[in-house]
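Student: Can you read through this structure? Questions will come right after.
The values are calculated or read from the model by the stated rules, or taken from the named source; none is laboratory data. Predicted model, so just to flag it, every value in this text is computed and none were measured. Because the Cβ atoms are built from the backbone with ideal geometry, glycine has one as well, and the counts that use them run over all protein chains shown. When the accessible area is computed, the model is the full protein with side chains, heavy atoms only, and any ligands, DNA or RNA have been set aside. Shrake-Rupley method; radii C 1.70, N 1.55, O 1.52, S 1.80 Å.
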Amino acid sequence: MADIARIVREVAQEMAAQAERGAVATYIPPLAKVDPQHFGICIVTAEGEVHSAGDAEEPFSIQSVSKVFALTQALGKIGDTLWRRVGREPSGTPFNSIVQLEREQGIPRNPFINAGALVVADVNLAGHAPRVAIGELLRFIRYLAEDETILIDEHVARSEQETGFRNVALANYMRAFANLTHAPELTLGVYFHQCAIAMSCRQLAMAGRYLMLGGLLEPGGARVISAQRARRINALMLTCGHYDASGDFAFRVGLPGKSGVGGGILAVAPGKASIAVWSPGLNENGNSLLGTLALERIAEATGWSVFSPPR
Ligand code: DON
C-alpha cells in the first residue's frame, strides 16, 4: 500500500516550488482576483482516511466541477431518457463552443460541455422555481460532503450572469431547437448558480466518494446511485471531463476527472480514492496547470491510473 500521507506532502511541496503556475481565468471578473499561488490537495481513500496539504480547507469556485453533481441529480430525476437530449461522446471542442450544435440539431455532444450542462440544468429545473432547483443541488452536495457549511458565492453568480454572453447564446440556440424546455434566463440562472458553489478540496474530495465507491456514500454506507450509474459517470468524466484536453488528461493521469475554470479538479480512482486538487492558474486548455501536474504525480506514485494493473 502506497504511503498516501507522504505522497500528498511531497506533491504539495513540489507544487509550492513551481514558478510556472498558468493564468487565472479573467472572463468571470471575481476569478481574475484569485491569487495564483494557492495550491490545495485532499485525498479521501476507500478506507475513509483523509490526507490533505496546502490550501485544502480554503473554499474556491468549483465552476464546471459542479456539472458532475448536476448530472447525477438529473439522472436521478429522469434516468436514461436524459440521453435523448444530450450525447455521450467527447466533443473535441472547447467547453463553451457552439460549432457542433447547428450540425447536430441542438443536441450537445456530452453533459460536461456548457451546452450539455445547460440541458442538465434545464432537467433539474423542471417543476421547480430556479431558487428551489439550485437549493436542491446544494443540499445534495452538502449531503455528499457531509458538510452543511457549503455555500453559493452570490457575487460570482451575479458576475457570471452579467458576463456570460456565450452561455446566453448557447441556451437561446438550444431553445430554438426545442432542447431547452424553460425560458433560457431561468435555466441560465440555475447553471450560473451551480457554477458559483464554493468548496474546499476537502469538501470536494468528500463529495466525490460515491464515484470511487460504486455509488455508496461511504464504505458500507447509504447508496447514492447504482453501481452502474457511478461507473458510467466515471466513464464520461474520463472521456469528456477535460473537454478538448480529455485525451491528454487520460494520457497523463489516467483517471476520471472533471475540471473547472476556478482551478479545481475532482479525480476518481475507482475503489481507491477520491481526490480534489486546486490551483487557480490554468493551462492553454483552461484546466488547472498545477492541478493536472499534481494528479499526474499522484497517479505515478500510487499506480492508481485505471490503465495500470493493480499493484
Ligand atoms: O460556463 C462558464 O463559463 C463557467 N461557469 C464554467 C466553465 C468551466 O468551469 C469550464 N471548465 N473548465
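Student: If we scan the stretch 211-228, do we find a residue that is assigned to a helix (DSSP H, G or I) and open to solvent by less than 50 Å² (accessible area, probe 1.4 Å)?
Tutor: Yes, the stretch 211-228 contains at least one residue that is assigned to a helix (DSSP H, G or I) and open to solvent by less than 50 Å² (accessible area, probe 1.4 Å).
Student: Within the stretch 185-194, can one find any residue that is over 23 Å from P29 (Cβ atoms) and open to solvent by 10 Å² or more (accessible area, probe 1.4 Å)?
Tutor: The answer is yes, given that some residue of the stretch 185-194 is over 23 Å from P29 (Cβ atoms) and open to solvent by 10 Å² or more (accessible area, probe 1.4 Å).
Student: Give just the number: which of (1) closer than 22 Å to I134 by Cα; (2) buried (at least 24 other Cβ atoms within 10 Å of the Cβ) does V253 not satisfy?
Tutor: It is condition (1) that V253 fails.
Student: Please go through the stretch 242-262 and pick out each residue that is near the ligand (Cβ under 9 Å from one of its atoms) and either part of a helix (DSSP H, G or I) or of a type outside the set (A, V, I, L, M) (or both).
Tutor: Hits for the stretch 242-262 are H242, Y243, K258, S259, G260, G262.
Student: Is it the case that the stretch 219-226 has a residue that's away from the ligand (no atom under 15 Å from the Cβ) and modelled with pLDDT under 95?
Tutor: Checked the stretch 219-226: at least one residue is away from the ligand (no atom under 15 Å from the Cβ) and modelled with pLDDT under 95.
Student: Looking only at residues in the stretch 120-175 that are among the acidic types (D, E) and part of a helix (DSSP H, G or I), which one is nearest to the ligand (Cβ to nearest atom)?
Tutor: Only one residue fits best here, namely E160.
Student: Scan R109, R131 and give me the residue that is among the basic types (K, R), without any contact (Cβ under 8 Å) to a residue 12 or more places away in the chain and open to solvent by 10 Å² or more (accessible area, probe 1.4 Å).
Tutor: R131
Student: Determine, yes or no, whether R88 is at pLDDT 95 or above and assigned to a helix (DSSP H, G or I).
Tutor: It is false that R88 is at pLDDT 95 or above and assigned to a helix (DSSP H, G or I).
Student: Could you look through the stretch 263-291, keep only residues that are touching a residue at least 40 places away in the same chain (Cβ under 8 Å) and open to solvent by 10 Å² or more (accessible area, probe 1.4 Å), and pick out the one that is farthest from C201 (Cα to Cα)?
Tutor: Taking the candidates together, the pick is N285.
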